[in-house]
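One structure below.
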Amino acid sequence: MLFTPGPTAVPPEVRDIMAQPQPNPDLDPTFGETYAQLTADLQTVYNTDHDIVVLGGEGILGLEAAVASIVEPGDRVLCISNGRYGDGFADFVTAYGGEPTLISAPYDSGYDLDAIENAVAAAAADGAPFTAATMVHCETPTGTLNDLTPVLELLKEHTILSIVDAVSSVGGTPVPTDRIDICLGGSQKCFSAPPGLTTAAISDHAWEQMEKRNPTSLYTNFLPWKDVSEGFPYTHLDVLVSALAVAVDRIVTEGVENVYDRHTEAADRCRERGSELRLPLYPDTERSSPTVTAFYLPGNATSIQKEVAESEEIVLATGLGELEDDILRIGHMGYNADVSKVDQVMDAIANIIE
Ligand SMILES: *Cc1c(COP(=O)(O)O)cnc(C)c1O
């Protein structure tokens, strides 16, 4: 039983379509229809009328392509962080010749709005304002859901373009996509399709910025995907697109609000059961994401993970980096946002630790 915060378990209908013969993505119009239906359904899930693009490549491709499509050498970029993915954006900015300013809050805290405001004001006063800002909606490694709205409002006032990693939140909890210039998702998280596709909702402002500049890269670039009505820039990943189309159709059919409720119920059950077992949350409840629960078990996470895998055949995740042995993560997202499955997982953990 796969219960990690990505890749998530893939439902049978999605696995079935992958075994079917696939259309030639360059020649068969049915592929174009599937892609168009997929992007329309993704607009429903993202709750936006921004354009959607779906690129062949794991979620990381989207993060890199967003930076590569927007950042020009010498551009100043504000990287807002309280986790590993937030910090990592600064590396992409550097790789494409931009100059990142990393405002990093402790991993168990929310974003530091004062520090963000001060950095924006100081850059403007220096005559070298930020052109873009990056941030992460759900920091999956710590199970933290960030409140983006106050930050996005501030960025809008200063016409700073926003790039948001919503890979582990979109499809599981509401994302303020209409306020975001580039909002990134991945097939293998709340959509519960296999890894291999990245999704992005892109504002008109972001397209205008891309059109104004010289791309520093060709493959990690959204612009060739803006208009695919006459065909795709290169061969699309037919099996994965068919799989994601079925996966996202399941979400739309269930109803996006119902899907969010299912995530909240699964998260609540996970935390209730955790509290009965005296497993503290990392961070506190207020910031815990409905898509993933991180229990704080200093020095014990990897051994519990191992025992649950060996004796119960359930795969959970630990923390990452310095927190590897301190955090045990349960990925109740997508197909796994299910109270009875959560009970099964928590029973297994109880068997190990009691
Ligand atoms: C999963 C994830 C990604 C994609 O990267 P992986 O290599 O699949 O980990 C990007 N951002 C976040 C927040 C994620 O959870």
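The values are calculated or read from the model by the stated rules, or taken from the named source; none is laboratory data. Here the structure is a predicted model, which is why all the values come from computation and not from measurement. Ideal geometry is used to build each Cβ from the backbone, glycine not excepted, and the neighbour counts take in all protein chains shown.
I need a count of the residues in segment 270-310 that are among the aliphatic types (A, V, I, L, M), within 23 Å of Pro7 (Cβ to Cβ) and touching a Gly at 6+ places or on another chain (Cβ under 9 Å). Adding up the residues that qualify gives 3.
Scanning segment 198-214 for residues that are more than 19 Å from Gly334 (Cα to Cα) and buried (at least 16 other Cβ atoms within 10 Å of the Cβ) yields a count of 7. Any idea which residue in segment 106-140 is surrounded by the most Cβ atoms within 10 Å (Cβ to Cβ), counting only those that are more than 17 Å from Val77 (Cα to Cα) and in contact with a Gly (Cβ under 6 Å, 6 or more places away or on another chain)? Residue satisfying both the conditions and the ranking: Glu139. Checked against the criterion of being out of contact with any helix residue (DSSP H, G or I) (no Cβ under 8 Å at 6 or more places or on another chain), polar (S, T, N, Q) and either closer than 16 Å to Thr144 by Cα or part of a loop (DSSP other than H, G, I, E, B) (or both), the candidates Thr220, Thr291, Thr235, Thr216 yield just one match: Thr235. Can Leu197 be described as closer than 16 Å to Glu64 by Cβ, within 16 Å of the ligand (Cβ to nearest atom), in the same structural domain as Ala123 (by TED's automatic domain parsing) and in contact (Cβ under 8 Å) with a residue 24 or more places away in the chain? Spelling it out, Leu197 is indeed closer than 16 Å to Glu64 by Cβ, within 16 Å of the ligand (Cβ to nearest atom), in the same structural domain as Ala123 (by TED's automatic domain parsing) and in contact (Cβ under 8 Å) with a residue 24 or more places away in the chain.
Here Glu117 meets the list (1) over 24 Å from Thr142 (Cα atoms); (2) within 22 Å of the chain's Cα centre (by Cα); (3) more than 16 Å from the ligand (Cβ to nearest atom); (4) not hydrophobic (A, V, I, L, M, F, W, C) almost entirely, failing just condition (2).
Tally time: how many residues in segment 85-105 are among the acidic types (Asp, Glu) and either crowded, with 18+ Cβ neighbours inside 10 Å or outside the structural domain of Cys138 (by TED's automatic domain parsing) (or both)? Show your work before the answer.
Taking segment 85-105 first, the residues among the acidic types (Asp, Glu) are 87, 91, 99.
Add one more test, that the residue is either crowded, with 18+ Cβ neighbours inside 10 Å or outside the structural domain of Cys138 (by TED's automatic domain parsing) (or both), and what stays is 87.
Residues flagged as among the acidic types (Asp, Glu) and either crowded, with 18+ Cβ neighbours inside 10 Å or outside the structural domain of Cys138 (by TED's automatic domain parsing) (or both) within segment 85-105 amount to 1.
One residue stands out in segment 146-180 among those that are among the hydroxyl-bearing types (Ser, Thr, Tyr) and not in a loop (DSSP other than H, G, I, E, B): the one that is surrounded by the fewest Cβ atoms within 10 Å (Cβ to Cβ), namely Thr149.
All conditions but one from (1) part of a helix (DSSP H, G or I); (2) over 21 Å from the mean Cα position of the chain (by Cα) apply to Ser242; the one that does not is (2).
Under the condition of being touching a Ser or Thr at 6+ places or on another chain (Cβ under 8 Å) and either away from the ligand (no atom under 11 Å from the Cβ) or hydroxyl-bearing (Ser, Thr, Tyr) (or both), the residues counted in segment 173-190 number 11. Among the numbered conditions (1) modelled with pLDDT of 95 or more; (2) within 30 Å of Thr48 (Cβ to Cβ), the only one that Glu286 does not meet is (1). When you scan segment 93-115, do you find a residue that is part of a helix (DSSP H, G or I) and polar (S, T, N, Q), even just one? Yes, segment 93-115 contains at least one residue that is part of a helix (DSSP H, G or I) and polar (S, T, N, Q).
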